[in-house]
Amino acid sequence: ANNVFQGDNLAAISAADESFVINPESLLTAMKVFIDNSVAGYNTATEDLYYRIYYADGTFSNRVEVNTLTPEAGGQVSFLVEKEGASLIDAVQLTMGRGDIKIPVIQFIQESESLASDVRLAFNATLTDKDGDSATSTFDANLFANEPANAAFDFRLAGTIGEQDAFNIDLSVDENLYQVTGFDTGPGVQDKLVLNGDPNAVVQSINNTGADGIVTVAEAGGQTTTITLVGAHIQNTDIFFGSA
């Protein structure tokens, strides 16, 4: 009554205790519930507030008593309802077992994963010996993010034209489709392909019949990894095995 969420004076939940379901339009990873400081706020020692989570897969949690509160602005407090496991939150039921509170705000929380952007760094290094002789060389450090699930390739690696690059292929992961651009061939600029993560893998085939070179690697666990080199052909001598 009067926007007050009320329970009776008994510790156990009964028919007299008020209850309502929060049913957002979208699935959530968490929910933050605020409790006002009116009607004396919420005292965990003398009052009992419970929640139950209903998940998107049809399962639901046990009833959980709210005993952990976070101070908020204006004298309010809050508590967090978080999912457990992979399934998202479809709805949350609140039950006031004992006492009186007011809930002014309920905050819906959705977490999303975004793919990182590629990072490409160019360096210029100079070494000088004791006699003052120096040598300068440029080199790149490129970090490439994985592609979206519906992309044609799991990873896209881009080299620097005119410089010697080493393209690292990770055979230890499930993703097995690589695209390499900027693969240089020829004296002084020859790039290399480095296979990491599976010392027992075997280069099954190299197909240079088309414009793109295609390398197929048979991994020890049975998976096949395919590397497409855009506009470039590759030889066995350009492929190396790196760290396990």
Response to the item:
Per the C-alpha gyration tensor (a ≥ b ≥ c, the square roots of its eigenvalues), the range 5-109 is rounded if a/c is under 1.5, else prolate if a/b beats b/c, else oblate; here it's oblate
Response to the item:
With a Förster distance of 30 angstrom and the Cβ-Cβ distance between residue 87 and residue 18, calculated FRET efficiency to the nearest 0.05 equals 0.65
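If you place +1 on the Cβ of every Lys and Arg and -1 on the Cβ of every Asp and Glu, how big does the dipole about the Cα centre of the range 2-132 come out, in debye to the nearest 20?
Details: 8 positive and 19 negative charges, 17 e Å.
Rounded to the nearest 20 debye, it is 80 debye.
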Practice prompt. Between residue 63 and residue 163, with labels modelled 7 Å along Cα→Cβ, what's the label distance in nm to one decimal, could you check?
Written response: 6.5 nm
Worksheet item: For residue 73 and residue 152, what does the FRET efficiency come to when R0 = 45 Å and r is the distance between their Cβ atoms, rounded to the nearest 0.05?
Response: 0.35
Practice prompt. From zero up to wherever the largest Cα-Cα distance of the range 119-241 sits, split into 5 Å bins and tell me the percent of pairs in each.
Written response: 2, 10, 19, 21, 18, 12, 7, 4, 3, 2, 1, 0
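For a footprinting-style exposure proxy, rank 78, 137 by other Cβ within 10 Å, fewest first.
By the 10 Å Cβ count, ascending, the order reads 137, 78.
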Worksheet item: Karplus couplings for the range 220-233 from phi (6.51 cos²θ - 1.76 cosθ + 1.60, θ = phi - 60°), rounded to Hz, Gly and Pro as x?
Response: 4, x, x, 6, 10, 10, 10, 10, 9, 9, 5, x, 9, 10
Response to the item:
Residues other than residue 68 with Cβ under 15 Å of its Cβ, Lys/Arg counted +1 and Asp/Glu -1, net out at -4
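No lab work stands behind these numbers, since they all come straight from the coordinates. Predicted, not measured: the structure shown is a model, and the values here were computed from it. Methodologically, a virtual Cβ is constructed for each residue, glycine included, from the backbone with ideal geometry; neighbour enumeration extends over all protein chains shown.
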